Amino acid sequence: MGNRQTLLIIKSVINVLWVLQWVIVFSIIVYVSFLILNVDFFNLDVLKGFKIHFSKIHFLQPILIEGKEHIVKLTNGEGRLHIENFDQNFIYMRIFAAFIDSFLYLLILFYIRKIFTNLTANQYFIAENGVLIRKIGFTIIALAILPAILHYLTDTMVANSIQIEGVILKNEFDLDLQTILLGILIFVISSVFLRGIELKKDQELTI
Amino acid sequence: MPIITNLDVQLAKRKMSLTELSERIGITIANLSILKSGKARAIRFSTLELICNELNCTPGDILEYAPGE
């Protein structure tokens, strides 16, 4: 399989991902519309659950083990909390975080598509590709930081607003260091790429 | 860039065209045009030697330092 064929196959995959990402963004918009309009035909309570971290959950009733009653508790875990008929304002913040997430993915796919358009036109070492790679690096760093901040704010709101007997909720700042490092690596690669283009131009303009 | 090339002046003095110089020294017209228009970022000693030899001049006749350009 030739280089060009490989490029075209990858470009097709990117195009499929591009369409899927738009579907996700559109779904978020539809979901928010349902929430705002408070439609009855769609059971939103099922979807309204939000992720929680807990340090302790005490079972209020003792549990029978081999005929004896024991006090039981769960510690240090995470799950989804669902409260029926509860007006959860945090859900909008969670949706906003998901929207930011999807938008940043969309942006990355947009940049990759532009790079592939250049590659299929046999334009490899051009400054535009270097700038696009640099933008991808920045967007990946944003992808690791922005939704994490929003999630942390929401978690803080949830942990401070809800009091459940026997349950201690805690909020955690889930910073994805691996993704940040990946973003930094891509940024470094783009800097090397741009310097390479500069050297190529120097070479071309040396008589 | 404060370094300017006077190749066109030297060619005019000798009533020689760029094409003729290109044929004599074996450097493409495209490259000589880059040099003549001032777009060049560097010039090899070997190229300079060929041009000076053909035009019977010194590198100072072709290159000039003009601060503030």
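Any residue that is among the charged types (D, E, K, R) and open to solvent by less than 70 Å² (accessible area, probe 1.4 Å) - is there at least one of those in region A:98-111? Spell out how you get there, then give the answer.
Our first condition is that a residue be among the charged types (D, E, K, R); within region A:98-111, this holds for A:101.
With open to solvent by less than 70 Å² (accessible area, probe 1.4 Å) added as a condition, the list becomes A:101.
Yes - at least one qualifying residue is present in region A:98-111.
One line per residue, one yes/no per condition, for (1) touching a residue at least 24 places away in the same chain (Cβ under 8 Å); (2) in contact with a Ser or Thr (Cβ under 9 Å, 6 or more places away or on another chain); (3) within 14 Å of chain B (Cβ to nearest Cβ):
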| position | (1), (2), (3) |
| --- | --- |
| A:Ile164 | no, no, no |
| A:Ile168 | yes, yes, no |
| A:Glu172 | yes, no, no |
| A:Leu175 | yes, no, no |
| A:Leu182 | yes, no, no |
| A:Ser190 | yes, no, no |
| A:Glu198 | no, no, yes |
| A:Asp202 | no, no, yes |
| A:Leu205 | no, no, yes |
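Report those helices (runs of 4 or more DSSP H) wholly inside chain B carrying at least 3 residues which are over 20 Å from A:Lys201 (Cβ atoms) and more than 12 Å from chain A (Cβ to nearest Cβ).
On the way: elements: B:7-13, B:18-25, B:29-37, B:45-55, B:59-62.
Fully inside chain B and qualifying: B:7-13, B:18-25, B:45-55, B:59-62.
The values are calculated or read from the model by the stated rules, or taken from the named source; none is laboratory data. Everything numeric here is computed off the predicted structure, so don't read it as measured data. Using ideal geometry, Cβ is built from the backbone for each residue, glycine included, and neighbour counts are taken over all protein chains shown. With ligands, DNA and RNA removed, areas are computed over all heavy atoms of the protein, side chains included. Shrake-Rupley method; radii C 1.70, N 1.55, O 1.52, S 1.80 Å.
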